[in-house]
Amino acid sequence: MSLRVRILILNYNGKELLEKYLPSFQEAIRHSSFSCRLGVVDNCSEDGSVEFLKDHFPEVDIYPAKENKVLCSYNGVAAQVDEDILLLMNNDIRVDSNFVDPLIR
């Protein structure tokens, strides 16, 4: 059985950061030998982040938080997903295209 991985990116008013860095996560997923999905936990952004994601990254799962609980917003989403491994990330980093597999192994 192959492990399934969910990468969750926390976002709050980070539309510009998502535009800049989300493609690096997509590239990493394409390079991974694991089954990976990408999701964004949105902490009640007011900058159009959710609409931006829907328009430009429709393949990314969006988890809108009911309230901004900062890092604790991951908890509600973690209870919803069924992947074997969760990678919790911030929206302000660019990842290497090969970062997933060594981390999981």
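Please treat every number below as a calculation from the coordinates, not as lab data. As the structure is a prediction and not an experimental result, all values here were calculated from the model. Glycine gets a Cβ as well: all are built from the backbone with ideal geometry, and neighbour counts include every protein chain shown.
Report the full-extension gain for the segment Asp82 to Asp55: residue separation times 0.36 nm, less the Cα-Cα distance, to one decimal in nm.
Contour length minus the Cα-Cα distance gives 7.1 nm.
Using 7 Å Cα-to-Cβ label points, what is the Ile93/Arg105 separation (nm, one decimal)?
My value for the distance between the label points is 2.0 nm.
Report D for the chain in µm² per second (integer): Stokes-Einstein, Kirkwood Rh on Cα pairs, 37 °C, 0.692 mPa s. Don't jump to the answer; show the numbers that get you there.
Working: Rh = 13.8 Å.
The estimated diffusion coefficient comes to 238 µm²/s.
Relative to the longest principal axis of the chain, what angle (0 to 90°, nearest 10) does the C-alpha long axis of helix 15-31 take?
20 degrees
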